[in-house]
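So the structure is just underneath, and the comments pick up after that.
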Amino acid sequence: MTISTPRSAPTPAGSPFIHYQDNQLLMEQVSLKELAQLYGTPLYVYSRAALQAAWQRYQEASELGDVVVCFGMKANSNLAILQEFSRLGAGFDLVSGGELARALKAGADASKIVFSGVGKQAWEIEAGLQAKIKCFNVESIPELDLISAVATRMGVSAPISLRVNPDVDAKTHPYISTGLKENKFGIDILLAPEVYSYAKTLPGLDVVGVDCHIGSQITEMSPFLDAADKLIDLLDRLREQDIQLHHVDIGGGLGIRYTNEEPVHPKDLVAKILEKLRQRGYQDMQLVMEPGRSLVGNSGLLLSQVQFVKTTEARNFAIVDAAMNDLLRPTLYDAYHGVLALEHKAGEAQTYDVVGPICESGDWLAKQRDLVIEAGDFLAVESAGAYGFTMASQYNTRPRAAEVLVDGDKHYLIRERETFEHIYGLDRML
Ligand SMILES: *Cc1c(COP(=O)(O)O)cnc(C)c1O
């Protein structure tokens with residue numbers, strides 16, 4: 001299929017900090033083509049202004065009450081990004097001892113760290129206790145027992161919250177839906193009162209909160225409000241049992257615009273939840289949030305270069321130097337990411353599947369996109385700031401990409417491109 005209109009440059013979907021000027025795609029004031037040439041491709045590029053703008057939305061939400069925002073750092077855990085959020089005042093939601101080490105290295109305030117995850121090991125619990133984190137979000141009874149044992153051995157008290165599974169449908173992709181009964185996450189909310197009673201009997205635990213995280217890329221308010229209602233019902237039950245909590249953690253999951261989604265503003269969501277809490281007599285309850293994607297997703301692009309244009313009977317392929325090992329979301333979740341040419345050319349657009357060089361049919365980044373391109377041109381995959389680099393691998397012995405942060409008219413290398421030595425340097429030959 002050919003679309004033979006000289007079109008004006010498209011409008012990037014997700015970010016006002018990415019725009020065309022004289023047919024060149026810029027991030028803030030920096031030419032992305034220059035970055036691609038300077039640092040090489042594939043290349044992750046993030047806008048500092050976009051990170052700050054995303055944080056600002058949560059800042060506005062925080063001002064409505066006692067609200068703590070913990071960045072769900074598995075979305076993007078580059079030290080420079082963590083350092084920026086830490087500087088802005090964010091806490092962190094983390095899911096491993098490695099993430100704890102990263103957060104502390106980046107200067108995180110441990111009193112704003114919450115530790116989630118279904119499989120915490122003793123050494124990870126110990127590291128969290130040593131750092132004096134805000135809270136462990138506990139996902140099972142055996143985990144309660146383990147935290148109690150580790151804390152008792154260390155002679156300290158572990159602040160804990162139960163991650164309950166409220167059984168609400170987040171109306172998102174099944175792989176990123178976590179709040180349904182059949183998911184591995186959390187404790188069935190109907191059993192939670194009993195588990196709280198049990199937790200109260202264990203030594204070394206300080207029961208401070210309740211927590212849930214129902215899924216990701218949620219673009220409607222209703223699943224969050226359904227979950228909040230269920231958590232508040234639970235608070236009532238606990239009050240009857242004389243268990244008073246200090247905070248309610250509503251998790252992460254707010255969606256972003258990949259195409260034409262109209263995501264919820266965190267301020268609107270927080271206003272509604274705080275009102276529900278107030279109505280039921282919990283005006284002193286602290287609200288904790290764990291946003292990941294919505295703080296970083298639209299700050300980032302993945303740049304690549306077109307190696308070949310290949311035409312077959314069924315399809316046109318733009319074969320680029322980025323691949324599923326760099327950005328897994330398309331093939332893992334069948335996710336849509338916009339694709340932009342770094343240099344907009346008027347001319348006859350062809351419809352392409354944008355694919356990488358990896359030996360898998362699943363190695364694609366975008367399907368059926370109208371582009372005016374030829375070999376040697378550069379492309380940007382949009383909305384790549386969340387679950388991009390953090391899910392990257394070295395499959396096919398491909399070094400992981402470099403990462404760059406743009407700030408106004410400046411740019412900083414925030415992670416070097418890996419070398420082959422980084423990939424096989426730890427192998428040992430017989
Ligand atoms: C992944 C995750 C988050 C962040 O989710 P987003 O959809 O990126 O906002 C928050 N909390 C927990 C427990 C998570 O696993």
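Whenever a residue of the range 324-335 is more than 8 Å from residue 391 (Cα to Cα), its partners that are of a type outside the set (A, V, I, L, M) and assigned to a helix (DSSP H, G or I), lying with C-beta atoms within less than 8 angstrom and at least six residues away or across chains, give the pairs 324/330; 324/331; 332/175; 333/175; 335/329. None of 168, 114 is outside any loop (DSSP other than H, G, I, E, B), of a type in the set (Val, Ile, Thr), within 16 Å of the ligand (Cβ to nearest atom) and crowded, with 19+ Cβ neighbours inside 10 Å except 114. Only residues that are assigned to a loop (DSSP other than H, G, I, E, B), of a type in the set (S, T, N, Q) and either without any contact (Cβ under 8 Å) to a residue 12 or more places away in the chain or surrounded by 13 or more Cβ atoms within 10 Å (Cβ to Cβ) (or both) were counted across the range 381-430, and they come to 3. Filtered by the rule that a residue be closer than 24 Å to residue 191 by Cβ, within 14 Å of the ligand (Cβ to nearest atom), assigned to a loop (DSSP other than H, G, I, E, B) and touching a Gly at 6+ places or on another chain (Cβ under 6 Å), the range 212-258 gives 212, 213, 214, 252, 253.
Of the residues making up the range 95-111, just one is over 16 Å from residue 79 (Cβ atoms) and either modelled with pLDDT under 95 or within 15 Å of the ligand (Cβ to nearest atom) (or both), namely 95. Within the range 271-316, the residues that satisfy the criterion of being within 30 Å of residue 340 (Cα to Cα), assigned to a helix (DSSP H, G or I) and either hydroxyl-bearing (Ser, Thr, Tyr) or free of Cβ contacts under 8 Å to residues at least 60 places away in the same chain (or both) are 294, 299. Determine, yes or no, whether residue 65 is surrounded by fewer than 23 Cβ atoms within 10 Å (Cβ to Cβ) and without any contact (Cβ under 8 Å) to a residue 60 or more places away in the chain. No; evaluated as a whole, the condition is false for this residue. Candidates are the residues of the range 171-204 that are modelled with pLDDT under 95 and assigned to a helix (DSSP H, G or I); the one that is farthest from residue 121 (Cα to Cα) is 174. Which ones in the range 338-361 are in contact with a helix residue (DSSP H, G or I) (Cβ under 9 Å, 6 or more places away or on another chain), in a loop (DSSP other than H, G, I, E, B) and modelled with pLDDT of 95 or more? Of everything in the range 338-361, just one residue is in contact with a helix residue (DSSP H, G or I) (Cβ under 9 Å, 6 or more places away or on another chain), in a loop (DSSP other than H, G, I, E, B) and modelled with pLDDT of 95 or more, namely 342. Only one of the listed residues (255, 209) is in contact (Cβ under 8 Å) with a residue 12 or more places away in the chain and in contact with a His (Cβ under 8 Å, 6 or more places away or on another chain). That residue is 209. As for the range 303-316, it holds at least one residue that is closer than 17 Å to residue 386 by Cα, touching a Phe, Trp or Tyr at 6+ places or on another chain (Cβ under 7 Å) and crowded, with 24+ Cβ neighbours inside 10 Å.
The values are calculated or read from the model by the stated rules, or taken from the named source; none is laboratory data. None of these values were measured; they are calculated from a predicted model. Please note: Cβ atoms are built from the backbone with ideal geometry, for glycine as well, and neighbour counts cover all protein chains shown.
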